[in-house]
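*Asks:* Pasting in a structure now, in structure tokens, and then I'll have a few things to ask.
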Amino acid sequence: MLTLTSILTNWININMDWMTANEALTLLGTQPQTLYANVSRGRIKAKPDPADSRRSLYRGDDVRRLAQRGAGRRKQETIAAEAIRWGEPVLTSSISTIVDAHLLYRGHDAAELAETYTLEHLAGLLWETSAVELRDGPIEGPGSIRAGLVALAERAATDWTTLGRSESVLKTEANSVLSTVSMALIGAHSETGPLHIRLASAWDCPDATDLLRRTLVLLADHELNASTFAARVTASTGASLAAATLSGLAALTGPLHGRASIAALQLSEEAKTLGAEAAVLARLGQGRHITAFGHQLYDDGDARANALFDHFEMPQHFAELRAAAERITGARANIDFALAAITRAHNLPEDAPMILFALGRSVGWLAHALEQVTSGELIRPRARYVGD
């Protein structure tokens with residue numbers, strides 16, 4: 001007997017036109033390793049085969065697009081335009097990358113570093129300096145994204161340019177900028193020491209202290225994402241490190257980036273009311289994307305989320321939502337879902353996912369700003385004019 005779930009799943013499979021590996025390889029005319037490389041780079045979407053979990057299916061539209069690309073040499077401006085949309089990296093960097101579904105920080109597996117590192121120790125690794133020690137300052141009231149934006153804007157208006165200054169001086173300034181933004185994001189607290197301890201104190205969640213440490217480390221950097229690219233563009237102009245960090249934080253506030261966890265929290269409330277499967281089907285029936293599931297850079301699930309799931313007890317309605325969404329869509333829960341689940345599991349503030357994201361990623365933005373300054377290059381893409 002056909003259920004609503006099976007009918008919808010079949011409809012999704014038909015309309016999204018999934019191919020087997022043999023069908024994709026025949027159309028592409030390439031070796032299997034090339035197919036897998038295209039998946040890992042986000043060029044081809046893949047999902048587990050419902051009929052055989054050991055196999056994968058590949059999105060037909062993605063395969064055909066790559067097949068057509070290989071049929072003839074494209075113009076340079078077309079290559080450049082596509083590079084900005086999940087294509088080849090547009091900048092060289094030695095800070096982080098994703099290889100075989102593993103996030104690497106300067107060649108080290110981020111999940112392994114998260115077992116022992118603090119965010120301050122990771123800043124030392126990413127900035128290629130000694131472990132960072134943050135200074136305290138007068139902060140009143142709770143931390144917030146707004147406070148972080150204001151604090152960075154005030155510094156951006158007065159801090160010196162990066163041009164002509166030594167690398168060692170800029171690394172010291174990076175420490176100062178991280179101190180500014182972290183104090184603003186965390187707010188008043190009774191503890192001193194590493195940032196995860198300060199957060200746990202500010203949020204009164206001592207049981208989550210080690211989980212917060214792991215989360216901050218895993219969020220520190222993620223290749224050339226939108227906010228990191230924004231930070232690098234700003235740094236390339238010679239603007240201050242505070243200005244580059246402000247650019248990153250501003251980009252992070254978008255619903256398609258740092259605020260994606262808010263949508264996951266909303267979906268979890270619908271799952272509590274309607275049931276997990278009904279909530280997912282309702283979203284799909286409205287033609288809406290199931291936020292916080294799937295990631296173009298990971299074929300086997302978001303490595304950051306996978307590194308966190310074993311370290312906290314997920315609320316039942318979140319566990320049911322994860323199972324239902326993964327079964328129906330074929331996409332795995334990502335870091336945005338993990339942040340939302342952690343927030344509910346430990347009764348953290350509603351803006352905790354954004355605070356965690358911004359605090360951890362500030363280390364990465366500063367690392368990229370330092371690297372960009374060292375390159376001495378201005379990032380200035382060209383536009384492909386399509387007007388009259």
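The values are calculated or read from the model by the stated rules, or taken from the named source; none is laboratory data. This one's a predicted model, so the numbers in the text were calculated from it and none came from an experiment. Here Cβ is always computed from backbone atoms with ideal geometry, including for glycine, and neighbour counts include all displayed protein chains. For the accessible areas, the whole protein counts, side chains as well, though only heavy atoms, and no ligand, DNA or RNA atoms are used. Shrake-Rupley method; radii C 1.70, N 1.55, O 1.52, S 1.80 Å.
*Asks:* Identify all residues within region 211-224 that are surrounded by fewer than 24 Cβ atoms within 10 Å (Cβ to Cβ) and among the β-branched types (Val, Ile, Thr); write none if there are none.
*Replies:* Passing the criteria: none in range.
*Asks:* Can you name the condition, by its number, that LEU134 falls short on among (1) within 26 Å of LEU308 (Cα to Cα); (2) modelled with pLDDT of 95 or more?
*Replies:* Failed condition: (2).
*Asks:* Specify which of the listed residues (GLY294, GLY285, GLY301) is under 17 Å from ALA324 (Cα atoms) and touching a His at 6+ places or on another chain (Cβ under 9 Å).
*Replies:* GLY301
*Asks:* Based on what the data block shows, is PRO32 open to solvent by 30 Å² or more (accessible area, probe 1.4 Å) and modelled with pLDDT of 75 or more?
*Replies:* Taking the combined requirement at face value, the residue does not satisfy it.
*Asks:* Being open to solvent by 20 Å² or more (accessible area, probe 1.4 Å) and among the aliphatic types (A, V, I, L, M) narrows it down to one residue among ALA157, ALA208, ALA174; which is it?
*Replies:* ALA157
*Asks:* Now for a separate question. For region 177-193, name all the residues that are open to solvent by 40 Å² or more (accessible area, probe 1.4 Å) and either more than 29 Å from LEU212 (Cβ to Cβ) or among the small types (Gly, Ala, Ser) (or both).
*Replies:* Answer for region 177-193, where residues must be open to solvent by 40 Å² or more (accessible area, probe 1.4 Å) and either more than 29 Å from LEU212 (Cβ to Cβ) or among the small types (Gly, Ala, Ser) (or both): ALA188, SER190.
*Asks:* Among the residues of region 285-305, count how many are surrounded by fewer than 17 Cβ atoms within 10 Å (Cβ to Cβ) and farther than 16 Å from PHE337 by Cα.
*Replies:* 4
*Asks:* Only one of these is among the aliphatic types (A, V, I, L, M), more than 16 Å from the chain's Cα centre (by Cα), open to solvent by less than 20 Å² (accessible area, probe 1.4 Å) and at pLDDT 95 or above: LEU359, LEU339, LEU348, LEU308. Name it.
*Replies:* Going through LEU359, LEU339, LEU348, LEU308 in turn, just one is among the aliphatic types (A, V, I, L, M), more than 16 Å from the chain's Cα centre (by Cα), open to solvent by less than 20 Å² (accessible area, probe 1.4 Å) and at pLDDT 95 or above: LEU348.
*Asks:* Only one of ARG106, ARG74 is surrounded by 11 or more Cβ atoms within 10 Å (Cβ to Cβ), out of contact with any strand residue (DSSP E or B) (no Cβ under 7 Å at 6 or more places or on another chain) and at pLDDT 55 or above; which?
*Replies:* That would be ARG106, the only listed residue that is surrounded by 11 or more Cβ atoms within 10 Å (Cβ to Cβ), out of contact with any strand residue (DSSP E or B) (no Cβ under 7 Å at 6 or more places or on another chain) and at pLDDT 55 or above.
*Asks:* State which residue pairs qualify: first residue farther than 18 Å from ARG304 by Cβ and free of Cβ contacts under 8 Å to residues at least 40 places away in the same chain and inside region 112-130, second residue assigned to a helix (DSSP H, G or I) and open to solvent by less than 20 Å² (accessible area, probe 1.4 Å) in any location, beta carbons under 8 Å apart, and separation of 6 or more residues or different chains.
*Replies:* Hits for this filter: SER130/GLY124.
*Asks:* Here's a follow-up. Can you tell which of LEU256, LEU321 is open to solvent by 20 Å² or more (accessible area, probe 1.4 Å) and at negative phi?
*Replies:* Answer to the check: LEU256.
*Asks:* Could you tell me which of the residues SER227, SER240, SER261 is over 24 Å from HIS317 (Cα atoms) and either within 21 Å of the chain's Cα centre (by Cα) or open to solvent by 10 Å² or more (accessible area, probe 1.4 Å) (or both)?
*Replies:* None of the other options fit; the residue is SER227.
*Asks:* Next up: Taking ALA331 and the conditions (1) in a helix (DSSP H, G or I); (2) in contact with a Gly (Cβ under 9 Å, 6 or more places away or on another chain); (3) hydrophobic (A, V, I, L, M, F, W, C), which numbered condition does it fall short on, given that it satisfies the others?
*Replies:* (1)
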